[in-house]
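**Student:** This is the structure I have questions about; it appears just below.
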Amino acid sequence: MRSNRRSILFMRLLLLLLVAWSPASWWRGRGWGATAVGVNWGTSPSSSHPLPPSVVVPGLLQANRVARVKLPDADPSVLASLAGSGIAVAIGVPNEMLRSLSSSKSAAVSWVHDNVTRYVSSTNGGSVRIEFIAVGDEAFLLGYGQTFQPHVVGAATNIQRALTAANLANTVKVIVPCSSDVYQSESNLPSKGHFRPDLNKTMIELLSFLDKHGSPFVVDINPFLTFQQKKNLSLDFVLFQTNSHPLSDGPNKYRNHFDMSIDTLVSALSKVGYAEMDIIVGKIGWPTDGAMNATPAVAQIFMQGLVGHLQSKAGTPLRPKRPPRETYLFSLLDEDQRSIKTGNYERHWGIFTFDGQAKYNVDLGQGSKALASAHDVDYLAQKWCVVNNNKDISNVSGSASEACSTADCSALSPGGSCSGIGWPGNVSYAFNNYFQLHDQSADSCDFGGLGLITTVDPSVGDCRYTIALRTSFSTSIHQRLVARWSMTIRGGTFFAFLLLFIWC
């Protein structure tokens with residue numbers, strides 16, 4: 001009896017020593033002792049002048065003790081910058097690659113070798129801690145139709161085989177990020193949740209694959225879009241406010257939209273036999289510009305409410321004390337080239353501005369401290385392009401539209417931070433963004449003689465006239481314009497041809 005007691009005491013002491021002497025990041029990175037919260041880090045081509053990885057990793061991720069990061073692709077410079085950092089990484093496979101990876105086992109083997117094996121086994125500068133390969137980016141989105149759906153499970157299967165062949169299947173898991181539109185509830189009650197009928201066969205195949213390999217279900221949730229689309233949904237309910245009116249679903253009461261969405265998914269999983277499958281939230285956030293209610297103040301309320309809810313480990317009514325295994329906030333930085341098909345706010349998801357300055361405060365791992373912003377950011381010269389008021393500007397609107405066809409003018413949208421500056425300030429804003437997009441080249445501030453380069457900052461109130469970062473991205477911007485031109489010409493639009501002719 002005494003011997004057993006001594007053994008138990010010894011084991012407890014050993015465990016305490018392990019906790020005391022192990023690096024905090026080791027425990028936090030695995031979600032033990034802290035909520036497993038990470039961030040999505042979008043890189044080029046979604047940003048015209050991306051903040052260099054050499055600044056992002058030490059200045060934003062490590063400085064704020066971010067434990068995990070999710071990438072849209074396997075950008076070599078980004079992965080190299082994460083080497084030796086200890087940050088857990090999920091790398092993405094773009095939708096455009098799904099067909100080839102699904103149809104070719106050798107293509108999957110090559111992709112795994114080039115984008116996974118070489119980084120996890122590297123000894124030069126340290127290895128990259130790759131934990132997930134995210135196959136596709138919301139490939140089942142209703143708007144995509146059948147474009148990517150037939151290739152998702154095949155691509156995931158071939159990548160899984162390639163991981164097994166490389167002896168990485170036990171450390172790197174394959175996941176498939178799905179938009180929350182893959183499940184639905186006509187009555188708006190979580191208990192009635194089910195998968196979209198058009199996805200039934202594919203979803204069963206996917207869930208069988210995930211279950212077989214011990215992978216979680218990954219869902220991307222967009223509460224801002226849901227709030228815009230559902231007029232009966234209160235802002236307080238979405239923002240985790242305690243004074244919001246709860247929704248009753250049988251014996252369960254829901255006090256926020258997040259729990260409703262998770263439990264609608266839980267019900268959908270239960271109906272097809274996967275009630276206990278782990279869930280990861282792959283994307284969730286709140287924009288700060290480009291629309292009504294898209295402000296840093298509202299974003300802070302949402303993000304702090306979300307992270308506080310996750311840290312409480314309360315879980316949901318259908319999964320009490322079992323919150324999502326991991327949650328990746330969207331997004332680390334603003335991305336001025338993101339598609340604005342669903343709204344101009346799409347370019348303003350960042351917790352940080354494009355140049356790494358914190359917009360508000362939320363706990364990414366730094367605890368009660370304020371977020372650290374990036375230092376030693378390399379900007380272009382302190383100059384801006386504005387409308388020349390000494391010229392006849394009565395017909396300047398056409399030039400502004402030309403500028404906004406490629407530059408980011410989303411802050412001018414109703415509710416945006418620059419929506420109230422009026423005319424011709426809005427023209428100057430458009431001119432400057434085009435000027436910065438093209439690395440401040442003199443001809444990009446011409447606009448038929450209506451533009452003027454100035455060294456006086458024209459920013460007004462919350463409307464910031466930005467200066468671009470010094471990068472080597474101008475070549476790829478030019479290539480992207482060529483691609484857009486060729487696509488638009490096929491659609492019959494002459495304006496893009498004229499713009500490209502001027503630029504070239």
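The values are calculated or read from the model by the stated rules, or taken from the named source; none is laboratory data. Source: prediction; values computed, not measured. Note: ideal-geometry Cβ built from the backbone for every residue, glycine included; neighbour counts use all protein chains shown. Side chains are part of the model used for accessible areas, which takes the heavy atoms of the whole protein and leaves out ligands, DNA and RNA. Shrake-Rupley method; radii C 1.70, N 1.55, O 1.52, S 1.80 Å.
**Student:** Criterion first (at pLDDT below 50 and either outside any helix (DSSP H, G or I) or surrounded by 15 or more Cβ atoms within 10 Å (Cβ to Cβ) (or both)) does W26 satisfy it? Steps first, answer last, please.
**Tutor:** Values: at pLDDT below 50: yes; either outside any helix (DSSP H, G or I) or surrounded by 15 or more Cβ atoms within 10 Å (Cβ to Cβ) (or both): no.
No; evaluated as a whole, the condition is false for this residue.
**Student:** Okay, next question. Return a yes/no flag: does the stretch 364-375 have any residue that is surrounded by 18 or more Cβ atoms within 10 Å (Cβ to Cβ) and under 17 Å from the mean Cα position of the chain (by Cα).
**Tutor:** yes
**Student:** Oh, and also: Could you list, in sequence order, all residues of the stretch 341-373 that are small (G, A, S) and part of a strand (DSSP E or B)?
**Tutor:** The first filter runs over the stretch 341-373 and keeps only residues small (G, A, S), leaving 343, 350, 356, 358, 365, 367-368, 370, 372-373.
Passing the criteria: only A358.
**Student:** Among the residues of the stretch 292-340, count how many are of a type in the set (A, V, I, L, M), open to solvent by less than 10 Å² (accessible area, probe 1.4 Å) and either farther than 19 Å from V362 by Cα or in a loop (DSSP other than H, G, I, E, B) (or both).
**Tutor:** Qualifying residue count for the region: 2.
Residues are listed down the side, and each one gets a yes or a no for (1) over 26 Å from the mean Cα position of the chain (by Cα); (2) open to solvent by 10 Å² or more (accessible area, probe 1.4 Å); (3) not polar (S, T, N, Q):
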{"position": "A403", "(1), (2), (3)": "yes, no, yes"}
{"position": "A407", "(1), (2), (3)": "no, no, yes"}
{"position": "P414", "(1), (2), (3)": "no, yes, yes"}
{"position": "S419", "(1), (2), (3)": "no, yes, no"}
{"position": "L450", "(1), (2), (3)": "yes, yes, yes"}
{"position": "P458", "(1), (2), (3)": "yes, yes, yes"}
{"position": "C463", "(1), (2), (3)": "no, no, yes"}
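**Student:** Considering each residue of the stretch 201-225, count those that are open to solvent by 10 Å² or more (accessible area, probe 1.4 Å), touching a residue at least 40 places away in the same chain (Cβ under 8 Å) and part of a helix (DSSP H, G or I), and give that number.
**Tutor:** 6
**Student:** Taking the condition acidic (D, E), under 25 Å from the mean Cα position of the chain (by Cα) and open to solvent by 60 Å² or more (accessible area, probe 1.4 Å), does D181 pass? Explain how you work it out, then say what you get.
**Tutor:** On the way: acidic (D, E): yes; under 25 Å from the mean Cα position of the chain (by Cα): yes; open to solvent by 60 Å² or more (accessible area, probe 1.4 Å): no.
No: the conditions fail for D181.
**Student:** Among the numbered criteria (1) closer than 17 Å to H348 by Cβ; (2) open to solvent by less than 70 Å² (accessible area, probe 1.4 Å), which single criterion is violated by F435?
**Tutor:** Answer for F435: the failing condition is (1).
**Student:** Of these, A156, A134, which one is under 30 Å from L199 (Cα atoms), touching a residue at least 60 places away in the same chain (Cβ under 8 Å), outside any loop (DSSP other than H, G, I, E, B) and of a type in the set (A, V, I, L, M, F, W, C)?
**Tutor:** Numbers: A156 fails: touching a residue at least 60 places away in the same chain (Cβ under 8 Å).
When all the criteria are applied, what remains is A134.
**Student:** Would you check which residues across the stretch 80-122 are of a type in the set (D, E) and without any contact (Cβ under 8 Å) to a residue 40 or more places away in the chain and list them? Steps first, answer last, please.
**Tutor:** So the first thing to find is which residues in the stretch 80-122 are of a type in the set (D, E), and the list is 96, 114.
Scanning the stretch 80-122 gives a single hit, E96.
**Student:** For the stretch 115-126, what are the residues that are within 24 Å of the chain's Cα centre (by Cα), under 14 Å from T171 (Cα atoms) and either among the polar types (S, T, N, Q) or not in a helix (DSSP H, G or I) (or both)? It would help to see each step written out before you state the result.
**Tutor:** In the first step, residues of the stretch 115-126 are kept if they are within 24 Å of the chain's Cα centre (by Cα); the result is 115-116, 119-120.
Now narrow it down to the ones that are under 14 Å from T171 (Cα atoms): 116, 119-120.
Listed by number, the list is empty, since nothing qualifies.
**Student:** Still on this structure, please answer the following. Pairs please, first residue from the stretch 370-397 and on the phi < 0 side of the Ramachandran plot, second anywhere and open to solvent by 50 Å² or more (accessible area, probe 1.4 Å) and charged (D, E, K, R), Cβ atoms under 7 Å, 6+ apart in sequence or on different chains.
**Tutor:** If the second residue must be open to solvent by 50 Å² or more (accessible area, probe 1.4 Å) and charged (D, E, K, R), the pairs left are D378/R470; Y379/R470; L380/R470; W384/D457.
**Student:** Considering each residue of the stretch 41-65, count those that are open to solvent by 10 Å² or more (accessible area, probe 1.4 Å) and under 21 Å from I175 (Cβ atoms), and give that number.
**Tutor:** So the count comes out to 3.
**Student:** How about the stretch 175-199: which of its residues are over 28 Å from F240 (Cβ atoms) and free of Cβ contacts under 8 Å to residues at least 24 places away in the same chain?
**Tutor:** Result: P197, D198.
**Student:** Restrict the check to the stretch 328-335 and report whether at least one residue is over 16 Å from the mean Cα position of the chain (by Cα) and at pLDDT 95 or above.
**Tutor:** Looking only at the stretch 328-335, we keep the residues that are over 16 Å from the mean Cα position of the chain (by Cα), and these are none.
Checked the stretch 328-335: no residue is over 16 Å from the mean Cα position of the chain (by Cα) and at pLDDT 95 or above.
**Student:** Kindly provide the set of residues from the stretch 226-261 that are surrounded by fewer than 22 Cβ atoms within 10 Å (Cβ to Cβ), touching a residue at least 24 places away in the same chain (Cβ under 8 Å) and of a type in the set (V, I, T), ordered by number.
**Tutor:** Across the stretch 226-261, the qualifying residue is only T226.
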